[in-house]
Amino acid sequence: MSAAPPAWWRAPFARLGTWRERRALARRAIPDELWRLTLLRLPFLARLDEAERAELRRLCSLFLDRKQFHGAGGLEVTDGMALLIAAQACLPVLRLGLHFYDGFVGIVVHPDEVVAQRSVMDEDGVVHEYEENLTGEAMSGGPLMLAWADVQDAAESADWAYNVVIHEFAHVIDAASGPVDGVPPLPDGAARERWIAVLDDAYDDFCRRVDSGADTVVDPYGAEAVEEFFAVAVEAFFVAAGPFRRESPALYALLAGYFRQDPAAA
Ligand SMILES: [Zn+2]
C-alpha cells in the first residue's frame with residue numbers, strides 16, 4: 001500500500017480549515033459601532049485602506065476566538081477592552097497571519113503596572129533581589145500580561161512612539177523563531193544574516209545616541225538589550241512611522257519588508 005493518502009482523502013481537511021474559520025468569524029462577529037469606536041481610539045490605524053481595515057477586523061474576530069482574556073485585581077475585561085487589545089495585537093501580523101501567536105492562549109489584563117520580584121546572580125554567585133515595574137510581559141507559552149492603564153493610553157502615547165500591546169506581541173513574534181534575540185522567523189540563513197547585520201548596526205548607532213544623551217524617537221529603554229531594541233523599534237514602526245523612518249531608515253526598510261507594510265508612506 002502507498003504511504004501517501006490519495007488527493008481525495010486530503011481535500012476535505014483543506015475545506016475544514018475554512019469551515020472552522022467561518023464558524024469562528026460568525027461566533028466572534030464585531031458589531032459595527034464597536035469597531036468604529038475602536039478605530040477612533042487608535043489613530044495610527046487611520047492609514048489603513050478599506051481592504052486592510054476589513055482584514056484587520058477579520059483577524060480580530062479570529063484572535064478573540066482563539067484567546068482567553070482574564071482580568072486581574074478586580075478588573076472586568078469588556079468586549080471593547082478585548083477588541084482594543086486585539087486590534088493592536090493583530091496590526092503587526094496584518095499581512096502575515098495569526099500563526100505567530102499560536103503558542104499561548106491566555107491574556108491577563110491588570111488595572112495598572114505590576115511590581116515583580118526579581119533576583120539575579122552576579123559573577124561571584126551573590127544573588128541580588130530587586131523589584132521591577134511591569135506594564136506588560138510576554139512569557140514563552142504564555143500567558144501574556146498587559147497593564148490596562150497603558151493599553152488605553154495608546155492614542156496619546158503614540159506621540160512618544162510607545163505602545164505596550166505592540167511591544168509585547170513583538171516579543172511573541174521574535175520568540176516564534178526560538179530564542180528571544182531580536183530575530184524573528186526568517187526564510188533562510190542568508191535572510192537571517194542580513195537581518196542581524198542591519199539590526200546590530202541600528203542598535204549600535206542607537207546606543208551611541210542614547211549614551212550621548214541625544215533625544216531618540218525609539219524609546220531609550222531599547223538600549224537595555226537588542227531584543228528590547230527590536231520590540232521598541234516595532235512599536236515606533238507602527239505608531240510613529242515617519243519619525244522612526246527618519247531616525248533609522250535601514251531598520252525601517254528591514255521591518256517594512258518583513259511586515260509587508262509601509263506605514264510611513266500612507
Ligand atoms: Zn520588552
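The values are calculated or read from the model by the stated rules, or taken from the named source; none is laboratory data. Bear in mind that the values here come from a model prediction, so they are computed numbers and not experimental data. Cβ sites come from the backbone with ideal geometry, for glycine too, and all protein chains shown count toward neighbours. Keep in mind that these areas ignore ligands, DNA and RNA; they rest on the heavy atoms of the full protein, side chains included. Shrake-Rupley method; radii C 1.70, N 1.55, O 1.52, S 1.80 Å.
A few comments on the model shown:
- Of the residues making up the range 15-46, just one is of a type in the set (Gly, Ala, Ser) and touching an Asp or Glu at 6+ places or on another chain (Cβ under 8 Å), namely 24.
- Among the residues listed as 34, 64, the single one being surrounded by 17 or more Cβ atoms within 10 Å (Cβ to Cβ) and aliphatic (A, V, I, L, M): 64
- Residue 87 being within 22 Å of residue 53 (Cα to Cα), in contact with a Leu (Cβ under 7 Å, 6 or more places away or on another chain) and either at pLDDT 95 or above or among the acidic types (Asp, Glu) (or both): yes
- Entirely in the range 104-218, the strands (runs of 3 or more DSSP E) that have 2 or more residues that are surrounded by fewer than 19 Cβ atoms within 10 Å (Cβ to Cβ), modelled with pLDDT under 95 and of a type outside the set (Asp, Glu): 114-121, 127-134
- Selection status of residue 240, touching a helix residue (DSSP H, G or I) at 6+ places or on another chain (Cβ under 8 Å), open to solvent by less than 60 Å² (accessible area, probe 1.4 Å), more than 15 Å from the ligand (Cβ to nearest atom) and of a type in the set (A, V, I, L, M): yes
- The set of residues in the range 159-178 that are among the small types (Gly, Ala, Ser) and either more than 12 Å from the ligand (Cβ to nearest atom) or closer than 13 Å to residue 140 by Cβ (or both) comprises 161, 175, 176, 177, 178.
- Any pair with Cβ under 7 angstrom, 6 or more apart, that starts in the range 31-47 at a residue that is within 13 Å of residue 239 (Cβ to Cβ) and ends at one that is open to solvent by 60 Å² or more (accessible area, probe 1.4 Å) and assigned to a loop (DSSP other than H, G, I, E, B): 47/266
- Residue among 123, 76, 132 that is of a type in the set (D, E, K, R) and either touching a residue at least 40 places away in the same chain (Cβ under 8 Å) or closer than 28 Å to residue 36 by Cα (or both): 76
- The range 48-61, residues that are touching a residue at least 24 places away in the same chain (Cβ under 8 Å), closer than 20 Å to residue 239 by Cα and open to solvent by 40 Å² or more (accessible area, probe 1.4 Å): 55, 57
- Only a single item in (1) within 16 Å of the ligand (Cβ to nearest atom); (2) within 24 Å of residue 89 (Cβ to Cβ); (3) buried (at least 19 other Cβ atoms within 10 Å of the Cβ) is not met by residue 223, and it is number (2).
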